[in-house]
Every structure is written in structure tokens, then in C-alpha cells.
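Presented below is the structure to which this report refers.
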Amino acid sequence: MRIMSDQNVVNINERGGNFKWRSYTKLGLILVLVIAALAILFSNLFIVKEGEYRVIRQFGEVVRIESEPGLTYKIPFIQSVSTLPKYQMTYDVSEAEINTKDKKVMIIDNYAVWKIDDPKKMISNARSLEGAEARMEEFIYSVTRSELGRLNYDEIINDEKSSRGSLNDQITTKVNELLSNDNYGITVTDVRIKRTDLPSENEQSVYTRMISERQSTAQEYLSKGDAQKNIIIAETDRNVREMLAKAQADAETIRAEGEAGAAKVYNEAFSKDPEFYSLYRTLESYKKTINGETVIVLPSDSPYARLLMGYTD
């Protein structure tokens with residue numbers, strides 16, 4: 001009789017279970033690897049949006065720049081992506097002191113509108129946005145100091161003499177020339193002087209001088225007005241005198257013509273009755289010679305005395 005030991009007995013069910021476990025393990029590993037590969041793939045895809053540049057670096061060096069909107073990729077682990085703005089930006093330039101042509105000290109406050117034209121040049125020469133803004137600010141200050149140093153203080157602050165419109169354009173053009181010469185890859189769209197002030201220690205003296213100048217100008221206007229008024233009054237008085245003299249001359253002429261006409265009428269009337277005319281002249285003389293204190297000595301037989309005594313024959 002043959003006896004079989006436990007070591008020679010094989011459990012068929014146990015061998016089949018081990019095989020299935022190994023198959024599941026292999027399948028799981030494949031799935032994990034697929035998922036990891038997909039995760040790596042999707043994590044290295046990125047979107048380029050409107051208004052931005054996407055800069056791809058490899059070991060710190062720029063290898064390409066994406067500027068068109070859409071979906072693109074980078075090489076996993078060895079490449080990185082950063083973003084730069086494509087739109088226009090505003091930069092508030094720090095306040096600075098400048099000296100005018102007439103040796104006045106002024107505080108100038110500017111702002112600039114700028115954008116990145118060539119990101120590769122900007123990164124190569126300025127390294128970052130902050131570096132580009134720092135270089136741009138240096139150029140703006142240098143050009144502004146040079147341009148305003150050619151003008152007197154009054155020409156800068158006085159609206160009547162101001163050339164600030166063209167001055168802003170000149171500063172913008174010269175700053176762009178400097179940026180272009182150094183290949184910074186940025187362009188300044190506009191530079192504007194938004195405020196001009198005086199140092200606090202100089203304000204009062206300048207304000208006092210400005211008040212004095214305004215008062216002097218006002219007095220000059222008043223003097224010119226008074227002179228013009230006197231000219232008008234003198235001209236009016238002269239015209240009035242001429243008009244009155246002409247009117248008086250015309251009146252004298254008319255009066256003389258009237259008196260001549262009246263004398264003619266009187267002569268014609270009196271020549272028709274000389275006795276009546278004699279009587280009329282006598283009566284008229286009474287009006288001038290006889291009053292309450294008149295003393296007349298006449299012969300009693302004179303016609304004049306007879307009339308006074310009431311004899312009419």
C-alpha cells in the first residue's frame with residue numbers, strides 16, 4: 001500500500017487564484033502608468049489667452065514665446081512657463097526735482113503708458129517687468145529734466161505761454177529712441193506731466209511774486225482803461241463843442257435873417273403912416289425913461305410935455 005505525503009498534494013484551486021491575482025496586479029500597474037502619463041501630458045498643456053505672452057524656458061533659457069491665443073504644450077520636467085502682459089500698461093513715475101532754465105526748482109510728477117513689443121528682448125535686457133519699468137523711469141526722468149531745463153519757470157506753469165502739449169510728445173519720442181537703442185523690447189505710448197509743484201520752502205515766495213505780477217498786470221489794464229476813457233471823453237467833449245458852436249452860428253444866422261425881415265416889415269408898415277410911427281416910437285421911449293423915480297424937465301409947449309399932460313390936439 002502506497003502512502004502519499006501532504007507535500008506531494010497540489011491544491012488546483014489555490015494555483016488558479018494566485019494566477020488571477022497576478023493578472024489583476026499587472027492590469028492595475030498598466031492603468032496607473034496610463035493615468036500618470038495622461039496626468040503628465042495634461043499638466044504640461046497650457047492655454048495662451050488674449051492679451052498675454054506665454055514664455056517657455058528650458059533650464060532658465062527662453063526657448064520660445066507663444067503669443068497667439070490657443071492650446072499648446074511644454075516638455076515635462078525640463079521646461080517651465082511664465083506669463084507676460086500683451087496689453088498696454090500704466091506706470092506712475094516717481095516724483096523728481098528738476099531745475100528750470102531760470103534756476104527755479106520744481107517737482108515733476110509723470111505717468112507713462114507702455115507695452116511689451118518683443119518679450120525676448122525685454123527678458124534678455126531687462127530680466128523682468130520691474131526691471132523694464134526701472135529703465136523706463138530712468139529714461140523718462142533724464143529726458144524730462146533735459147527738456148524742462150530749457151524752459152523758464154513761467155513758460156512751464158503759465159497756461160498762456162505753455163507748450164506742454166508738444167513737450168509731452170517730445171519726451172515720448174526721445175524716451176522711445178533710448179529704449180530702442182538699448183533693445184529693451186518695450187514701447188512707451190505716451191508720457192504725460194500730470195502735476196508740477198514747487199518745493200514747500202519756495203512756495204510762499206513764488207506765490208507772493210505771482211500775486212505781485214498779477215497786480216501789476218491788473219494795474220496796467222486799469223491804466224490803459226483810464227487812458228482810453230479820457231480819450232473818449234475828450235473826443236466827446238470836442239464833438240459837443242463843435243455841435244454847439246455850429247448850432248449857435250446857425251441860430252445867429254436865423255435870428256439875423258428874422259430881424260432883417262422884421263425890420264423890413266416895420267419899415268413898410270411905418271412908411272404908410274409916419275405920424276403913427278412917431279407916436280409909437282414916443283410911447284416906446286416912455287417904457288425906458290419913465291419909472292417911479294423919474295424927473296423930467298421939459299418946456300411946457302413941447303409935444304412930449306403936452307402928451308404927458310394929456311393934450312392931444
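Note on region 97-121: among residues that are farther than 19 Å from Thr172 by Cα and outside any strand (DSSP E or B), the one that is nearest to the chain's Cα centre (by Cα) is Thr100.
Scanning region 118-131 for any residue that is closer than 30 Å to Thr196 by Cα and open to solvent by 40 Å² or more (accessible area, probe 1.4 Å) turns up at least one such residue.
The values are calculated or read from the model by the stated rules, or taken from the named source; none is laboratory data. This one's a predicted model, so the numbers in the text were calculated from it and none came from an experiment. Accessible surface areas use protein heavy atoms only, side chains included; no ligands, DNA or RNA. Shrake-Rupley method; radii C 1.70, N 1.55, O 1.52, S 1.80 Å.
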